[in-house]
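Notes to accompany the following structure.
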Amino acid sequence: MKHALLSLNRLFLCGLAAGFVSWTHAAEQRIASPDGKISVVVSDEGGAHYRVDMDGQPLLKPSRLGLEFANGVKFGPSAQIEKSETSDYDGYWDNRFGQRRVVRDRWNQASVTLVEKGFVERRFGVIVRVYDDGVAVRYDLNEASKLERFVLYYEQTEFAFAGDYRCWAGEPSVCAENAYPERKLSAIPRCDANGIYRSTLPLVVQTPQGYAAVAESDLLDWAGMFVTGSGTPTVRVALAPRGDGRGCVVSQVPRTSPWRVLMIARTAGGLAESDLIANLATPSQLEDTSWIKPGASAWDTWWTGVNPHLPESNGGPSRGNTQAHKEYIDFAAEMGWPYQLIDGAWYENRTTGDVALNLGGKNPERPPVEFTNCVPQVDLTSLLDYAAQRHVRLLVWLHSCDLERYGIERACALFSKWGVAGLKVDFMNSDSQETVAWYERVVSTAARYKLLIDFHGAYKPTGLARTWPNYITQEGVLGNEYNKLAGNKCTPLHTVTLPFTRGLLGPMDFTPGGFINVPVEQFKVARPTEVMGTRARQLAMPVVYLSPLTVFCDSPTNYHNAAGIAFYKKMPTVWDDTVVLSAEMARHIVVARRSGDVWWLAGMNGNDALKVKAPLRFLGRGRWVLHSYADAQDAAAAPTHVLETTRNVTADDAVDLELVPAGGYAATLSPVQ
């Protein structure tokens, strides 16, 4: 329901300047969360601002709102509130592809109209939506803005935190493959060698009230958002520039911006349980999603770096061939996984990884690409037949430049005709407006041909997977592939930080499952690829990290008869319910996720050993079989060692987890029949 506000709260302020008193007035609009704990005030004192309180205490101090367009047009600096309309909603939606099947969507909203007076009087809107677990703000540009077609150069939105709090700020990255180092808000840089410092979202902040995370949602045909520092506790929005150099956004009214989001929770675990980014996204554009099948996938030899059937390709990113792919297909069938991924180097004239999709800019000349021309080592036609006989479907890798050159429609028609399940599209390496719009062209076209999409070299999630559910997962994460690269970046600290940072935003194709497990101090870049920490840690990852398409990274050779491999068999990748049982930011997490009547329990820690109790109150009545895979007593020195046990439990029990440094725990809980 909507409520037109007949009057606004007027505050009369006095100021002393040059020896005399001048009187001005300001208007403000307050809107509270459904539970009344969080409130947002939009004010026009000194221009458009907003502030956020929690439990009556400031979370954000007055923070600037505003947009700057071509020809010197600015919204915000001298804006005055003209009117406001409130509305509210309380409903549910069905999410087949997330961490809980039934998602509650409950909010209060204020749509505030502001007038920017000048040579031309213009109006614009600020929409504020307040949930029990966060706040979202977006700009509304309609005909009253008198913009018609516009070029947006800057956004002036701020998040002015009430103190110089501890935070985890994403490093700059063109594809969100970054760490989230801990620092103070004031230590986030303003500039770097490339100009404006663009910290990759989310920005997670520990506050006196709990935790908050700055993010964005519903990014459609707009520039992607970063934040930059100010030398103070205030961070400011920085938009990705367009590839053609025309500012950041070129569009026309009516338009709304993406949501600028502040996720809020009392605990780190509460933050990890939030569905706010998906709630704010445009609902699904697909009437029928029954053809979209979540599930696990075998990869190919690219990750492990070893192909015994093509030894000349070993030592770098190993190339797959027909015989090796058949072994991965066979293993997928054995494990009950519905997919196998054929990665790069399967077609002729592919664009190399040093080239990114550059929409709006100059691209290098390349020979024409024809996906029907496979390299001699890969017989895709026979592999499609071989996989179908084993009830496995194939996913194939494409370079984004090659997809664009070939034609999105033409490519989707071809792969659909062949019976390919989906496309892994790589190396966009941008969230310019042109690239953001290209994403939607790809996923919407793919949906018409019933193809899944997995973007790599991708910007962070912004809710597009709700809008187009065939966008089954994405990278945009510093994942297990970094164990192949110099720098030792995929550390226990990084991987235990991810559930509280990148994991908040949406599906994450981390590609878990490395089975050559070594102590952190012994790790080296090697072939076959190693991973830091214990086997039980890798077992836990596909439960902790949400990915409706979960691609397991290692080889059949390393998986066959290995300790713990049974945990991956027929593993679900989407969930009916999720409960975080214990969590400490960037230190540990223990989570339980339910699929049908079976609960999957997983825990991970950082560099310190962990002892923690996991209460089983989430279980229903009766007795349950706990089948667990824990760090063995000697797992710190021998990380492949796993302690596998089975016992009966009830909801009154608690599980004692003992994790060695860089350790893990994984278990299933099934009702006793």
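Enter the angle in degrees (range 0 to 90, nearest 10) between the Cα long axis of helix 408-418 and the first principal axis of the Cα atoms of the chain, meaning the one along which they spread out most.
30 degrees
Using the heavy atoms of the protein chains alone and a 1.4 angstrom probe, what is the accessible area of the chain per residue in square angstrom?
Roughly 38 Å² per residue, with all protein chains present.
Given the rule -39500 (n - 2.57) for each run of at least 4 DSSP H residues, summed and divided by the residues of the chain, what is its mean residue ellipticity at 222 nm, to the nearest 500 deg cm²/dmol?
-4000 deg cm²/dmol
Counting only the heavy atoms of the protein chains, how much of Ile565 is accessible to a 1.4 Å probe, in Å² to the nearest 10?
We get 20 Å² for Ile565.
Each residue of the stretch 208-219 in order: what ³J(HN,Hα) in whole Hz does its phi give by Karplus 6.51 cos²θ - 1.76 cosθ + 1.60, θ = phi - 60°, with x for Gly and Pro?
Values, residue by residue: x, 8, x, 9, 9, 9, 8, 8, 9, 9, 6, 7 Hz.
Taking the Cα centre of each part, how many Å lie between the stretch 519-533 and the stretch 104-122?
53 Å
Residue by residue, what Karplus-based ³J(HN,Hα) values in Hz, rounded to whole numbers, does the stretch 476-489 have, using 6.51, -1.76 and 1.60 with θ = phi - 60° and x for Gly and Pro?
x, 8, 7, x, 4, 5, 6, 5, 8, 10, 5, x, 6, 8
So for the chain, averaging the separation of alpha carbon pairs under 8 Å that are six or more residues apart and normalising by length, what relative contact order in percent results?
11 percent
Rounded to whole Å, give me the distance from the Cα center of the stretch 225-301 to that of the stretch 422-481.
The stretch 225-301 and the stretch 422-481 have Cα centres separated by 12 Å.
Kindly state, to the nearest 0.05, the FRET efficiency for Arg527 paired with Arg96, given R0 = 25 Å and r defined as their beta-carbon distance.
FRET efficiency, Arg527 to Arg96: 0.05.
List the residues, sorted by chain then number, that are 5 or more residues from Thr267 or on another chain and whose placed amide H is less than 5 Å from its amide H.
Tyr211
Output wanted: per-residue J couplings in Hz (rounded whole) for the stretch 296-305, from phi through Karplus 6.51 cos²θ - 1.76 cosθ + 1.60, θ = phi - 60°, x for Gly and Pro.
With coefficients 6.51, -1.76 and 1.60, one gets 8, 9, 6, 9, 9, 6, 4, 6, 5, x Hz.
Counting only residues 5 or more places away or on other chains, whose amide H sits under 5 Å from the amide H of Tyr459 once H atoms are built in the peptide plane?
Ser430
Going from most exposed to least, what order do Lys83, Lys417 have by accessible area with a 1.4 Å probe?
Solvent-accessible surface, decreasing: Lys417, Lys83.
Specify whether the C-alpha gyration tensor of the stretch 170-293 places it in the rounded, prolate or oblate class, a ≥ b ≥ c being the square roots of the eigenvalues: rounded for a/c under 1.5, otherwise prolate if a/b is larger than b/c and oblate if not.
It is oblate, given that a/c is not under 1.5 and a/b is not larger than b/c.
What length, rounded to one decimal in nm, is gained on full extension from Ala638 through to Glu348, with 0.36 nm per residue of separation minus their alpha-carbon distance?
Taking Ala638 through Glu348 to full extension adds about 100.1 nm, to one decimal.
Give the carbon-plus-sulfur fraction of the accessible surface of the chain in %, rounded to a whole number; probe 1.4 Å, heavy atoms of protein chains only.
Its accessible area is 50 percent carbon and sulfur atoms.
For an R0 of 41 angstrom, estimate the FRET efficiency from the Cβ-Cβ distance between Val520 and Ser595 and round to the nearest 0.05.
0.80
Evaluate the distance, in nm, between pseudo-label points positioned 7 Å from the Cα of Ser670 and of Val375 along their respective Cα→Cβ axes.
Going from the Ser670 label point to the Val375 one covers 4.1 nm.
Taking loop as defined by DSSP and a crowding limit of 10 other beta carbons within 10 Å, which GluC sites (Glu not before Pro) in the stretch 109-207 fit?
Passing sites in the stretch 109-207 are Glu121, Glu148.
Does anyone have the angle between helix 380-389 and the longest principal axis of the chain? Alpha-carbon axes, 0 to 90°, nearest 10?
Roughly 80 degrees between the two axes.
Just to be sure I understand the model, the point goes 7 Å from the Cα along the line to the Cβ. What's the resulting Asn363 to His560 distance in nm?
Label at Asn363, label at His560, 4.2 nm between them.
To the nearest 10 square angstrom, what accessible area does Leu398 show with a 1.4 Å probe?
0 Å²
Could you give the angle, 0 to 90 degrees to the nearest 10, between helix 322-335's Cα long axis and the longest principal axis of the Cα atoms of the chain?
The answer is roughly 80 degrees.
If I take R0 = 60 Å and measure r between the Cβ atoms of Ser87 and Leu485 in this structure, what FRET efficiency does the formula 1/(1 + (r/R0)^6) give, to the nearest 0.05?
0.75
Counting only other residues whose beta carbon sits under 14 Å from that of Gln206, what net charge do I get with K and R as +1, D and E as -1?
Neighbourhood net charge equals +2.
Listed here are the pairs Lys424/Lys570; Lys424/Lys613; Lys326/Lys484; Lys61/Lys146; Lys424/Lys489; which of them are more than 28 Å apart at the Cα?
Violating the 28 Å Cα-Cα cut-off are Lys424/Lys613; Lys61/Lys146.
At 0.36 nm per residue, minus the direct Cα-Cα distance, what do Asn648 and Gln389 gain on full extension? Give it in nm, one decimal, please.
Computed gain between Asn648 and Gln389 is 89.3 nm.
Please report the net charge: other residues with Cβ closer than 14 Å to the Cβ of Tyr559, K and R +1, D and E -1.
-3
Once a ≥ b ≥ c are taken as the square roots of the eigenvalues of the Cα gyration tensor of the stretch 282-423, is the result rounded (a/c under 1.5), prolate (a/b larger than b/c) or oblate (a/b not larger than b/c)?
Oblate, since a/c reaches 1.5 and b/c is not below a/b.
Let me cross-check Glu348: its accessible surface, 1.4 Å probe, with only protein heavy atoms counted, in Å² to the nearest 10?
70 Å²
Report the full-extension gain for the segment Val151 to Val625: residue separation times 0.36 nm, less the Cα-Cα distance, to one decimal in nm.
My answer for the length gained is 164.6 nm.
The values are calculated or read from the model by the stated rules, or taken from the named source; none is laboratory data. Nothing here was measured: the structure is a model prediction, and the numbers come from that model. Quick reminder, even Gly has a Cβ in these numbers, built from the backbone with ideal geometry, and neighbours come from all protein chains shown. Accessible surface areas use protein heavy atoms only, side chains included; no ligands, DNA or RNA. Shrake-Rupley method; radii C 1.70, N 1.55, O 1.52, S 1.80 Å.
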